[in-house]
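Here the structure comes first, spelled out in C-alpha coordinates, and everything after it is commentary.
The values are calculated or read from the model by the stated rules, or taken from the named source; none is laboratory data. Just so it is clear, the model here is predicted, and its values are computed rather than measured. Heads up, the Cβs are rebuilt from the backbone with ideal geometry, glycines too, and the neighbour counts pull from every protein chain shown.
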Amino acid sequence: MIKFIECPRDAMQGIPILIPTEKKIKYIQSLLEVGFDVIDFGSFVSPKVIPQMADTSEVLKGLDLTNTKSKLLAIVANTKGAMEACLHPQIDFIGYPFSISETFQQRNTNSSIGESFERVKKIALLTHESGKELVIYISMGFGNPYGDAFNVDIIHHWVEKIASLGVNIFSLSDTIGVATPELITEVFKGTVGYYNDLEFGAHLHSAPYNWLPKVKAAYKGGCRRFDVAIGGLGGCPLAKDQLVGNLATEYFVNFFRKQFKPEFDEKAFERSLRIANEIFHLS
(Lines give C-alpha, C1' and ligand atoms only; values in the text may rest on other atoms or scores of the structure.)
Protein backbone atom coordinates (compact mmCIF):
# COMPACT_ATOMS: atom_id res chain seq x y z
CA MET A 1 0.00 0.00 0.00
CA ILE A 2 1.21 3.49 -0.88
CA LYS A 3 0.87 6.35 1.60
CA PHE A 4 0.27 9.77 0.06
CA ILE A 5 1.38 12.82 2.05
CA GLU A 6 0.09 15.95 0.30
CA CYS A 7 2.22 19.00 1.08
CA PRO A 8 0.48 22.35 0.49
CA ARG A 9 2.77 23.85 3.14
CA ASP A 10 5.82 23.03 1.07
CA ALA A 11 4.09 24.28 -2.06
CA MET A 12 3.25 27.65 -0.51
CA GLN A 13 6.14 28.45 1.82
CA GLY A 14 8.54 29.81 -0.80
CA ILE A 15 6.01 32.01 -2.61
CA PRO A 16 6.95 35.65 -1.88
CA ILE A 17 3.45 37.11 -2.37
CA LEU A 18 1.32 36.33 0.69
CA ILE A 19 -1.66 34.13 -0.05
CA PRO A 20 -4.80 35.27 1.82
CA THR A 21 -5.70 33.05 4.77
CA GLU A 22 -9.18 32.35 3.44
CA LYS A 23 -7.73 31.01 0.19
CA LYS A 24 -5.41 28.69 2.11
CA ILE A 25 -8.35 27.41 4.14
CA LYS A 26 -10.42 26.79 1.00
CA TYR A 27 -7.55 24.93 -0.67
CA ILE A 28 -6.56 22.76 2.30
CA GLN A 29 -10.23 22.00 3.02
CA SER A 30 -10.57 20.70 -0.53
CA LEU A 31 -7.50 18.49 -0.01
CA LEU A 32 -9.02 17.07 3.16
CA GLU A 33 -11.90 15.74 1.07
CA VAL A 34 -9.69 13.86 -1.42
CA GLY A 35 -8.50 10.98 0.75
CA PHE A 36 -4.78 11.65 1.27
CA ASP A 37 -3.28 9.85 4.25
CA VAL A 38 -1.67 13.00 5.64
CA ILE A 39 -1.85 16.72 4.83
CA ASP A 40 1.34 18.67 5.59
CA PHE A 41 -0.68 21.84 6.01
CA GLY A 42 1.47 24.45 7.80
CA SER A 43 4.38 25.24 10.07
CA PHE A 44 5.10 26.93 13.36
CA VAL A 45 8.30 28.75 12.50
CA SER A 46 9.57 32.32 12.66
CA PRO A 47 7.43 34.59 10.46
CA LYS A 48 10.60 36.53 9.71
CA VAL A 49 12.08 33.45 8.06
CA ILE A 50 8.93 32.00 6.44
CA PRO A 51 6.33 34.82 6.38
CA GLN A 52 3.93 32.74 4.25
CA MET A 53 3.30 30.44 7.22
CA ALA A 54 2.61 33.13 9.82
CA ASP A 55 -1.14 32.40 9.71
CA THR A 56 -0.92 28.63 10.33
CA SER A 57 -2.98 28.84 13.54
CA GLU A 58 -5.70 30.86 11.77
CA VAL A 59 -5.77 28.37 8.90
CA LEU A 60 -6.16 25.50 11.35
CA LYS A 61 -9.10 27.19 13.05
CA GLY A 62 -10.88 27.47 9.71
CA LEU A 63 -10.65 23.77 8.79
CA ASP A 64 -13.54 21.36 9.21
CA LEU A 65 -12.12 17.93 10.08
CA THR A 66 -15.46 16.25 10.70
CA ASN A 67 -15.62 14.05 7.60
CA THR A 68 -12.00 13.50 6.60
CA LYS A 69 -9.78 10.47 6.95
CA SER A 70 -6.66 12.61 6.44
CA LYS A 71 -4.43 13.44 9.38
CA LEU A 72 -2.69 16.80 9.79
CA LEU A 73 1.05 17.38 9.99
CA ALA A 74 2.79 20.64 10.91
CA ILE A 75 6.49 21.46 10.61
CA VAL A 76 8.51 23.02 13.42
CA ALA A 77 12.11 24.22 13.55
CA ASN A 78 12.64 24.49 17.30
CA THR A 79 11.20 23.70 20.72
CA LYS A 80 9.13 26.90 20.80
CA GLY A 81 7.38 25.94 17.57
CA ALA A 82 6.80 22.41 18.87
CA MET A 83 5.24 23.74 22.05
CA GLU A 84 2.87 25.88 19.99
CA ALA A 85 1.97 23.01 17.65
CA CYS A 86 1.31 20.69 20.58
CA LEU A 87 -1.41 23.04 21.84
CA HIS A 88 -3.59 22.15 18.84
CA PRO A 89 -5.47 18.85 19.26
CA GLN A 90 -6.32 18.77 15.54
CA ILE A 91 -2.66 18.13 14.66
CA ASP A 92 -1.63 14.46 14.57
CA PHE A 93 1.99 14.68 13.42
CA ILE A 94 4.79 17.15 14.04
CA GLY A 95 7.64 17.21 11.54
CA TYR A 96 11.16 18.37 12.30
CA PRO A 97 13.92 18.84 9.68
CA PHE A 98 17.09 17.17 10.91
CA SER A 99 19.96 17.69 8.52
CA ILE A 100 22.89 15.30 8.35
CA SER A 101 24.81 18.10 6.60
CA GLU A 102 26.41 20.35 9.22
CA THR A 103 26.35 23.30 6.85
CA PHE A 104 22.69 22.99 5.99
CA GLN A 105 21.68 22.38 9.61
CA GLN A 106 23.20 25.75 10.45
CA ARG A 107 21.40 27.41 7.54
CA ASN A 108 18.05 25.81 8.25
CA THR A 109 17.82 25.95 12.06
CA ASN A 110 20.84 28.03 13.12
CA SER A 111 22.36 25.17 15.09
CA SER A 112 24.89 22.36 14.81
CA ILE A 113 23.83 18.76 14.27
CA GLY A 114 24.62 18.01 17.89
CA GLU A 115 22.52 20.93 19.08
CA SER A 116 19.75 19.85 16.75
CA PHE A 117 19.76 16.37 18.28
CA GLU A 118 19.36 17.88 21.75
CA ARG A 119 16.38 19.78 20.35
CA VAL A 120 14.92 16.54 18.96
CA LYS A 121 15.06 15.06 22.47
CA LYS A 122 12.89 17.90 23.80
CA ILE A 123 10.49 17.84 20.85
CA ALA A 124 10.11 14.05 21.10
CA LEU A 125 9.13 14.43 24.76
CA LEU A 126 6.64 17.20 23.94
CA THR A 127 4.99 15.20 21.17
CA HIS A 128 4.75 12.12 23.36
CA GLU A 129 3.16 14.06 26.22
CA SER A 130 0.61 15.64 23.87
CA GLY A 131 -0.31 12.39 22.13
CA LYS A 132 1.22 13.34 18.79
CA GLU A 133 3.76 11.54 16.63
CA LEU A 134 7.08 13.01 15.58
CA VAL A 135 8.23 12.69 11.97
CA ILE A 136 11.92 13.36 11.36
CA TYR A 137 12.90 14.67 7.94
CA ILE A 138 16.47 13.66 7.18
CA SER A 139 17.48 16.73 5.20
CA MET A 140 20.28 16.32 2.66
CA GLY A 141 19.49 12.62 2.95
CA PHE A 142 21.06 11.88 -0.44
CA GLY A 143 24.12 14.10 -0.26
CA ASN A 144 24.76 17.83 -0.16
CA PRO A 145 26.44 20.55 -2.24
CA TYR A 146 28.68 21.78 0.57
CA GLY A 147 31.31 19.06 0.67
CA ASP A 148 30.06 17.68 4.00
CA ALA A 149 30.55 13.95 4.50
CA PHE A 150 27.71 11.70 3.34
CA ASN A 151 27.07 7.96 3.25
CA VAL A 152 24.44 5.47 4.39
CA ASP A 153 26.37 4.80 7.60
CA ILE A 154 25.83 8.44 8.62
CA ILE A 155 22.09 7.98 8.06
CA HIS A 156 22.18 4.82 10.19
CA HIS A 157 24.03 6.63 12.99
CA TRP A 158 21.45 9.38 13.34
CA VAL A 159 18.39 7.22 12.66
CA GLU A 160 19.41 4.88 15.49
CA LYS A 161 20.06 7.73 17.92
CA ILE A 162 16.73 9.38 17.11
CA ALA A 163 14.79 6.10 17.06
CA SER A 164 16.05 5.45 20.60
CA LEU A 165 13.89 8.43 21.61
CA GLY A 166 10.74 6.64 20.44
CA VAL A 167 10.61 8.13 16.93
CA ASN A 168 9.34 5.67 14.33
CA ILE A 169 8.83 7.70 11.14
CA PHE A 170 11.63 9.16 9.04
CA SER A 171 11.37 10.93 5.69
CA LEU A 172 14.52 10.95 3.58
CA SER A 173 14.79 14.28 1.80
CA ASP A 174 16.51 15.05 -1.47
CA THR A 175 16.55 18.68 -0.39
CA ILE A 176 17.93 20.23 -3.56
CA GLY A 177 16.84 17.60 -6.06
CA VAL A 178 20.22 16.24 -7.11
CA ALA A 179 19.98 12.56 -6.12
CA THR A 180 20.38 10.03 -8.92
CA PRO A 181 17.96 7.09 -9.22
CA GLU A 182 20.82 4.72 -8.41
CA LEU A 183 21.61 6.56 -5.17
CA ILE A 184 17.94 6.75 -4.19
CA THR A 185 17.55 2.98 -4.54
CA GLU A 186 20.77 2.39 -2.61
CA VAL A 187 19.74 4.64 0.29
CA PHE A 188 16.27 3.15 0.63
CA LYS A 189 17.53 -0.43 0.43
CA GLY A 190 20.02 0.53 3.14
CA THR A 191 17.30 1.86 5.43
CA VAL A 192 13.94 0.20 4.67
CA GLY A 193 15.65 -3.17 4.39
CA TYR A 194 17.76 -2.56 7.49
CA TYR A 195 15.16 -1.29 9.96
CA ASN A 196 12.00 -3.38 9.70
CA ASP A 197 10.35 -1.68 12.68
CA LEU A 198 10.68 1.88 11.33
CA GLU A 199 8.80 3.68 8.56
CA PHE A 200 10.76 5.52 5.88
CA GLY A 201 9.26 7.97 3.43
CA ALA A 202 10.56 9.90 0.44
CA HIS A 203 10.54 13.67 0.24
CA LEU A 204 12.02 14.01 -3.24
CA HIS A 205 12.50 17.33 -4.98
CA SER A 206 12.68 17.07 -8.74
CA ALA A 207 12.18 18.93 -11.96
CA PRO A 208 9.20 17.96 -14.17
CA TYR A 209 11.42 16.00 -16.53
CA ASN A 210 13.10 13.67 -14.01
CA TRP A 211 10.50 12.79 -11.36
CA LEU A 212 9.55 9.35 -12.71
CA PRO A 213 12.98 7.68 -12.52
CA LYS A 214 13.29 8.94 -8.93
CA VAL A 215 9.89 7.57 -7.91
CA LYS A 216 10.62 4.21 -9.52
CA ALA A 217 14.01 4.12 -7.79
CA ALA A 218 12.51 4.85 -4.36
CA TYR A 219 9.80 2.24 -4.86
CA LYS A 220 12.40 -0.30 -5.98
CA GLY A 221 14.32 0.42 -2.79
CA GLY A 222 11.26 -0.39 -0.69
CA CYS A 223 9.76 3.06 -0.07
CA ARG A 224 5.95 3.12 0.25
CA ARG A 225 5.45 6.60 1.72
CA PHE A 226 5.74 9.60 -0.61
CA ASP A 227 5.46 13.35 -0.09
CA VAL A 228 3.78 15.07 -3.05
CA ALA A 229 2.37 18.49 -3.95
CA ILE A 230 -0.17 19.44 -6.57
CA GLY A 231 1.50 21.20 -9.46
CA GLY A 232 4.93 20.02 -8.34
CA LEU A 233 5.33 23.28 -6.47
CA GLY A 234 7.68 23.87 -3.57
CA GLY A 235 11.16 23.25 -2.38
CA CYS A 236 13.18 24.45 0.57
CA PRO A 237 13.65 28.24 0.41
CA LEU A 238 16.76 27.98 2.59
CA ALA A 239 18.55 25.42 0.42
CA LYS A 240 19.31 27.32 -2.79
CA ASP A 241 18.25 30.50 -4.52
CA GLN A 242 16.26 28.57 -7.11
CA LEU A 243 13.54 26.33 -5.70
CA VAL A 244 13.42 22.76 -6.97
CA GLY A 245 9.86 21.49 -7.05
CA ASN A 246 8.18 18.59 -5.27
CA LEU A 247 6.80 15.47 -6.89
CA ALA A 248 3.64 16.56 -8.71
CA THR A 249 0.64 14.81 -7.15
CA GLU A 250 -1.26 14.52 -10.39
CA TYR A 251 1.63 12.76 -12.16
CA PHE A 252 2.34 10.59 -9.16
CA VAL A 253 -1.28 9.45 -8.76
CA ASN A 254 -1.60 8.65 -12.46
CA PHE A 255 1.54 6.53 -12.31
CA PHE A 256 0.49 4.50 -9.28
CA ARG A 257 -3.13 4.23 -10.42
CA LYS A 258 -1.91 1.71 -12.99
CA GLN A 259 -0.58 -0.53 -10.20
CA PHE A 260 -2.84 0.29 -7.26
CA LYS A 261 -6.19 1.95 -6.89
CA PRO A 262 -5.78 4.85 -4.47
CA GLU A 263 -8.87 5.41 -2.34
CA PHE A 264 -9.37 8.91 -3.66
CA ASP A 265 -12.50 10.91 -4.26
CA GLU A 266 -11.84 11.75 -7.90
CA LYS A 267 -14.29 14.66 -7.98
CA ALA A 268 -12.72 16.15 -4.85
CA PHE A 269 -9.28 15.76 -6.42
CA GLU A 270 -10.41 17.57 -9.56
CA ARG A 271 -11.82 20.34 -7.38
CA SER A 272 -8.47 20.66 -5.56
CA LEU A 273 -6.69 20.89 -8.90
CA ARG A 274 -8.98 23.74 -9.96
CA ILE A 275 -8.47 25.63 -6.70
CA ALA A 276 -4.70 25.11 -6.94
CA ASN A 277 -4.78 26.59 -10.42
CA GLU A 278 -6.70 29.61 -9.14
CA ILE A 279 -4.13 30.23 -6.41
CA PHE A 280 -0.88 29.20 -8.07
CA HIS A 281 -1.75 29.84 -11.76
CA LEU A 282 -0.48 26.41 -12.80
CA SER A 283 -1.72 26.50 -16.40
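For the reader, a short list of remarks on this structure follows.
- Meets criteria (touching a Ser or Thr at 6+ places or on another chain (Cβ under 7 Å) and over 25 Å from Ile94 (Cα atoms)) for Gly147: no
- Residues (among the aromatic types (Phe, Trp, Tyr) and modelled with pLDDT of 95 or more) located in segment 129-149: Tyr137, Phe142
- Number of residues in segment 132-165 that are on the phi > 0 side of the Ramachandran plot and crowded, with 22+ Cβ neighbours inside 10 Å equals 1.
- Selection within segment 181-209 - free of Cβ contacts under 8 Å to residues at least 24 places away in the same chain and closer than 25 Å to Ala11 by Cβ: Tyr209
- A residue that is more than 19 Å from the chain's Cα centre (by Cα) and assigned to a loop (DSSP other than H, G, I, E, B) cannot be found anywhere in segment 92-106.
- Test result for Glu129, of a type outside the set (Gly, Ala, Ser) and either at positive phi or over 17 Å from the mean Cα position of the chain (by Cα) (or both): yes
- Any hit, segment 107-115, residues being in a helix (DSSP H, G or I), in contact with a helix residue (DSSP H, G or I) (Cβ under 9 Å, 6 or more places away or on another chain), surrounded by fewer than 21 Cβ atoms within 10 Å (Cβ to Cβ) and of a type in the set (Ser, Thr, Tyr): no
- Condition broken by Phe150, with the remaining ones in (1) touching a residue at least 40 places away in the same chain (Cβ under 8 Å); (2) part of a helix (DSSP H, G or I); (3) not β-branched (Val, Ile, Thr) satisfied: (2)
- In the set Glu6, Glu22, only one residue is touching a residue at least 12 places away in the same chain (Cβ under 8 Å) and more than 16 Å from the chain's Cα centre (by Cα); that residue is Glu22.
- Annotation: Gly14 fulfils all but one of (1) part of a loop (DSSP other than H, G, I, E, B); (2) exposed (fewer than 15 other Cβ atoms within 10 Å of the Cβ); the unmet one is (2).
- Options Lys61, Lys80, Lys122, Lys48: the member that is over 23 Å from Lys3 (Cβ atoms), modelled with pLDDT under 95 and surrounded by fewer than 16 Cβ atoms within 10 Å (Cβ to Cβ): Lys48
- Which numbered condition Lys48 fails, given (1) in a loop (DSSP other than H, G, I, E, B); (2) over 17 Å from Ile275 (Cβ atoms); (3) touching a residue at least 12 places away in the same chain (Cβ under 8 Å): (3)
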